[in-house]
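Remarks on the structure that follows.
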Amino acid sequence: MALTITNLSKTYANGVQALKNVSLDIPTGMFGLLGPNGAGKSSLMRTIATLQDADTGSIMLDDLDVLQDKDAVRRVLGYLPQEFGVYPRVTAEELLDHLAVLKGIANKKERKEIVEALLQQTNLWNARKKNLGGYSGGMKQRFGIAQALLGNPKLIIVDEPTAGLDPAERNRFHNLLSEIGEHIIIILSTHIVSDVTDLCRNMAIISQGQVRLTGDPLSVMEQLRGQVWRKLVSKDEVAEIQAQHHVISSRLFAGQTIVHVLSDDRPAAGFEEVNPDLEDVYFAQISERRAPVVA
């Protein structure tokens, strides 16, 4: 099973070009689509999910033409959008049963068995009689995965699934995704780097509607080895370093700032080489390289 996206472009009526000749080969397993807010991730997910048309390009799920045969795609698709609403006064068991009917599971006995199995799988069995309005954010996301798994989908899309979750719920959600991602395609669209590091064997970085990089996380990190340098500086020094070097990230630490600079050689005295992580790869791809100031 593979999803092949070729030269996909999309421009909205307001003139915003959300996707610019996007091409990706997505194999079975967990695939991370990493990018900042507004990068085009949700536009790509909605297009794959048959919720909007592309201007140009193609998407193939094996031999299935995603853009032309939308009904067939929807029969093998599970989708957890970024904004997933529930009926607050309905129990998880009742709503999942209703969604199973809409998915075409007509046999009552079969439907009951499927609903029970999914509630068990997503660790919601003990809360199955509780109204969804009383669920925590993490529980709602796990319910979202349960409904996405209805009908044994071959492709599941999850869009920003861990945004706003506390660390414990994020871990539960990660464990759930890793369990179901062995034999189907799961596209995880996120701006949270650790989600991709923890879960995905393959990934792409998208920014300003374009694919900047593809590969597996370990390989893309290795490609930056010897090029990432770190220094702890005062706040007053940050602007000068940004003017002279390609700063890919900075963060506060104990009242000072840790800057990471991308350079083939040591940028200046006081910089130390660091082993790159996926966050360095991500910021290196989305940051704007500035020309150094010449004195």
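Taking the Cα centre of the chain as origin and assigning +1 to Lys and Arg Cβ atoms and -1 to Asp and Glu Cβ atoms, the resulting dipole is close to 900 debye. In this simple spin-label model, placing a label point 7 Å from the Cα along the Cα-to-Cβ direction at both Ala269 and Arg128 gives a separation of 7.0 nm.
Axis angle, to the nearest 10 degrees, between helix 108-121 and the longest C-alpha principal axis of the chain: 30 degrees. With each label modelled as a point 7 angstrom along the Cα→C-beta vector, the Tyr12-Leu102 pair spans 2.4 nm.
Shown for region 1-147: lysine pairs separated by 8 or more places, or found on different chains, whose C-alpha atoms are under 15 Å apart, numbering 8. Computed over region 80-193, relative contact order equals 32 percent, with contacts defined as Cα pairs under 8 Å that lie 6+ residues apart. Against the chain, whose longest principal axis is taken from its Cα atoms, helix 235-244 shows a tilt of about 80°.
For the chain, relative contact order (Cα pairs under 8 Å, six or more residues apart, normalised by length) works out to 21 percent. Using a simple spin-label model with pseudo-atoms 7 Å out from Cα toward Cβ, Ser194 and Ala168 lie 1.6 nm apart. Applying the criteria of a DSSP loop state and at most 15 other Cβ atoms within 10 Å to the GluC sites (Glu not before Pro) of region 162-256 yields Glu182. Taken per residue, the accessible surface of the chain reaches 50 Å², heavy atoms only and a 1.4 Å probe. In loop segments of region 78-115 as defined by DSSP, the GluC sites (Glu not before Pro) with at most 10 further C-beta atoms inside 10 Å of their C-beta are Glu83. Please report how far the C-alpha centroid of region 162-183 lies from that of region 1-58, rounded to the nearest whole angstrom. After rounding, the separation between the Cα centres reads 23 Å. At a 1.4 Å probe radius, carbon and sulfur cover how many percent of the accessible area of the chain? Carbon with sulfur: 46 percent of the solvent-accessible area.
The values are calculated or read from the model by the stated rules, or taken from the named source; none is laboratory data. Note that the structure is predicted; figures quoted are calculated from it, not measured. As a convention, Cβ positions derive from the backbone with ideal geometry for all residues, glycine included, and neighbour counts pool all protein chains shown. The area values use the complete protein model at the heavy-atom level, side chains included, leaving out ligands, DNA and RNA. Shrake-Rupley method; radii C 1.70, N 1.55, O 1.52, S 1.80 Å.
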